[in-house]
1. Would you mind stating whether residue 563 is touching a residue at least 40 places away in the same chain (Cβ under 8 Å) and open to solvent by less than 50 Å² (accessible area, probe 1.4 Å)?
2. Within region 394-406, take every residue that is crowded, with 22+ Cβ neighbours inside 10 Å and of a type in the set (A, V, I, L, M) and give me the one that is farthest from residue 637 (Cα to Cα).
3. So which strands (runs of 3 or more DSSP E) are wholly in region 141-237 and hold at least 3 residues that are open to solvent by 10 Å² or more (accessible area, probe 1.4 Å) and hydroxyl-bearing (Ser, Thr, Tyr)?
4. So residue 296 clears everything in (1) open to solvent by less than 50 Å² (accessible area, probe 1.4 Å); (2) under 21 Å from residue 125 (Cβ atoms); (3) touching a residue at least 60 places away in the same chain (Cβ under 8 Å); (4) assigned to a helix (DSSP H, G or I) except one condition, right? Which one?
5. With region 677-729 as the region, which strands (runs of 3 or more DSSP E) entirely inside it contain at least 1 residues that are open to solvent by less than 10 Å² (accessible area, probe 1.4 Å) and farther than 26 Å from residue 740 by Cβ?
6. Which one of these does residue 553 not meet: (1) of a type outside the set (Gly, Ala, Ser); (2) buried (at least 20 other Cβ atoms within 10 Å of the Cβ); (3) more than 28 Å from the chain's Cα centre (by Cα)?
7. Just for region 380-393: of the residues that are outside any helix (DSSP H, G or I) and open to solvent by 10 Å² or more (accessible area, probe 1.4 Å), which one is nearest to residue 46 (Cα to Cα)?
8. It is to be established whether one or more residues within region 112-133 are open to solvent by less than 30 Å² (accessible area, probe 1.4 Å), within 17 Å of residue 44 (Cα to Cα) and under 30 Å from the mean Cα position of the chain (by Cα).
Amino acid sequence: MPTSPPILWYDRAAKDWNEALPLGNGRIGAMAFSGVQEELFQFNEDTLWSGRPHNYIASNAGEDLAKVRQLIFDGHASEAEHLLRHSMMGAPEMQQAYQPLGDLKITLAEDLSSDGYHRELRLIEGVLSSRCGTSKNPKLLRESFVSHPHQVFVHRISRPQQTVSLTVAFTSPHPSEHLKESDGRFVVRGQWFGSGKSEGLQSGVEGGGLKFSVGVEVVLDGGSVTYLDGALHVTDANACTILLGAGTSFVNYQRTDGDPDRRWRVALETARHVGYNGLRKAHTKDFSGFMSRMSIVIEQANRDLEPTDTRLRKLAEGTPDPGLLAIYAQFGRYLLLSSSRPQTQPANLQGIWNKDKVPAWGSKWTTNINTQMNYWAAESANLAECHVPLFDLLDDLRVTGSATARAYYGCGGWVLHHNADLWRGAAAVDGPWGVWPMGAAWMARHPWEHYQFSGDVKFLRSRAWPIMRGALEFVLDFLIEAPKGNRFEGHLVTNPSHSPENSFRMLDGKVATLTYAATMDLAIITDLLENCAAAIAVLGAGGTEFEAELLKRIKFTQQHLAPIQIDGHTQRLQEWIEPFDEPEPGHRHMSHLYGLHPGHMIGVRSTPALAQAVENSLNYRLKSGGGGTGWSRAWVACFFARLEQPDHALQHLKLLLTKSTLPNMFDNHPPFQIDGNFGGCSAIIELLLQSHLGEIHLLPALPSEWPSGKATGLRARGGFTIALTWEDKLLVRAEVASRGRANCQLRYKDQTVVVSFSAEGLKSFEIDAVGKLVESASTDGV
């Protein structure tokens, strides 16, 4: 099946940030505008944030918890919310924000025509290029990337048959100074300073914070360079390579006394000696080594000859373009690899790309879905290493979250509310809707998923289990019995509780957010209890007792947890413990459907009644205007994939691209928010492969518009890698690779096949003449 490498390409330069293209190595991010006369790169460094190390626990933390709980049980939610602001919020009530680093501008000395302009981002290589003129007779050539092996940004510019003269300058929105190091290198040193005033969702901090420095160097092929007035001036070079390195004084969330120069100085020296060709070779080997692990090809008419923004426009006009969705999935993988590498910060609300000092929502880690969605595809899309920064964040939050759990709730374990920042704030922030203490319990699903996909028991024991156990301990301590006279008397419930960012109308007509035992709480806790019990079974294998008392508490809680409710009148899954009216029935959050996705307690075959109730709720939400934001639309596509309704899922993927995608393919909340890119990537993969219900389901939701195609490198739980080929809407071949001794159950349509591996190997399956899945070849143990 012929295919072209996945690229984004355009026939004009970016007019604004929403048309610029992203580059990154997990730590350094750049948005490239690819102009002709003036090239602009807007930079970020993943540890440059506002503020300073800070303990967000209030001095009167938790002193009103008992009163708040009683008011909620008594139906006085409004009074509870008023009291909650007194002693249940963080101090201050808002956190800090991710910051821009600065702008690199490269200005040509002479005017050039933009005739024949072309720019493209090659997703597999992680290289951006642009040219003027034709491919056979280029007038100007540029190439850019951010190297992970060498930790520098690299930009190469040349004019075939002519020399190039240009100016290189760097400016920062923060107070800074320029220093000359040589005729070919300058350093920009600066520091974040706060005015003390709160802006947006960013609390006011007065005075200095993190320091940063940027090293910029040009390496010439011929010509000369001088430093003058804060810029490098290149004259008559055959080619010019521009290198940029950056660092901050961040050491960890408690220390900011690091040397900002240390990280980039050695990197820049090394890069200069390696040279452009060596840098490019090392970068493409590294980047493509990850990106080429997985591919999706969907047969269609060749649309690659049209610019990406044209394809988006035509898709909105109704022209099918399955190939664009395949590119979208690879773009999601590209963004994850570019914004989340081991030893970096995890991808935040904007990945690592942010131009604003006061960004939307602080560009933080919003942990009531958005950060989680960023990592939904990490395992299934074969980028498990990109998951590691999230685990590092959770390790820090276990520390701050433990202190927060004790102070506010008198509980063991660790708690996380709906946001975290660089300083690892774990307390409730922003407003009453921030009192949602289920963040840790949800986050604990991620290291468990990493174990499920890898089978790495060492990781489970040393990294996953401490995170999971701490989240479990908090939940077990936090749950309380519903009081006498309550219709759930004797059941364990959460209180205070909240369905993220949504509200309900009480019987007296008042609108409130606080309740007890919201459906999402119950679903998350059910998920956590089951996963922790499974982890104990694995870690206790071999005959020795392991966490026996904890397992007893898990089983007791499973037996006494309040049940999830189906509204007897509407047959919808209730969002709250009571069938409250919804002031905003089309709300962007669909938290009560967690049990279907990303959880696994609901399935079309395992729990058909609950699955139908979920579908009823989902359709009601959509009828009322739900799915209006990019990430919400991506979640809808994931829901329909799990409901095995492919054409509904595809409909919402198309809406994601046509209603909530910017010209540069960034997800649009609005404004830009990266979670929809990752959620959409995950949904596309789940149309082709699902493994959350104890079996590997092949083509569970294949859209009718994708009649033929091929996918390789899809990952399934149990440590399996899957390749699929389908024609005329039917599976024709499947390959299952195992990392070692393992068993799995394959499902295709209504049939299942048990597959056993005695060692690492590969087994192939084909569909026979009567439509049965049969093994055709095996290299088991070879």
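The values are calculated or read from the model by the stated rules, or taken from the named source; none is laboratory data. On a predicted model such as this, the values are computed, not experimentally measured, just so you know. Every residue, glycine as well, gets a Cβ built from its backbone with ideal geometry; the counts of neighbours run over all protein chains shown. In case anyone asks, the SASA skips ligands and DNA or RNA and just uses the protein heavy atoms, side chains included. Shrake-Rupley method; radii C 1.70, N 1.55, O 1.52, S 1.80 Å.
1. On the way: touching a residue at least 40 places away in the same chain (Cβ under 8 Å): yes; open to solvent by less than 50 Å² (accessible area, probe 1.4 Å): no.
Considered against the rule, which asks whether it is touching a residue at least 40 places away in the same chain (Cβ under 8 Å) and open to solvent by less than 50 Å² (accessible area, probe 1.4 Å), residue 563 comes out as no.
2. For region 394-406, the residue satisfying everything is 405.
3. On the way: elements: 152-158, 164-171, 176-182, 185-195, 206-221, 224-228, 231-237.
Counting at least 3 such residues, we get 164-171, 224-228.
4. (4)
5. Numbers: elements: 696-698, 709-716, 720-727.
Per the criteria, 709-716, 720-727.
6. Evaluating residue 553 over (1) of a type outside the set (Gly, Ala, Ser); (2) buried (at least 20 other Cβ atoms within 10 Å of the Cβ); (3) more than 28 Å from the chain's Cα centre (by Cα) leaves (2) as the failure.
7. Here is the first cut: in region 380-393, the residues outside any helix (DSSP H, G or I) are 380-383.
From what is left, the residues that are open to solvent by 10 Å² or more (accessible area, probe 1.4 Å) are 380, 382.
Working: 380: 25, 382: 23 Å.
If we take residues in region 380-393 being outside any helix (DSSP H, G or I) and open to solvent by 10 Å² or more (accessible area, probe 1.4 Å), then 382 is nearest to residue 46 (Cα to Cα).
8. Looking through region 112-133, none of the residues is open to solvent by less than 30 Å² (accessible area, probe 1.4 Å), within 17 Å of residue 44 (Cα to Cα) and under 30 Å from the mean Cα position of the chain (by Cα).
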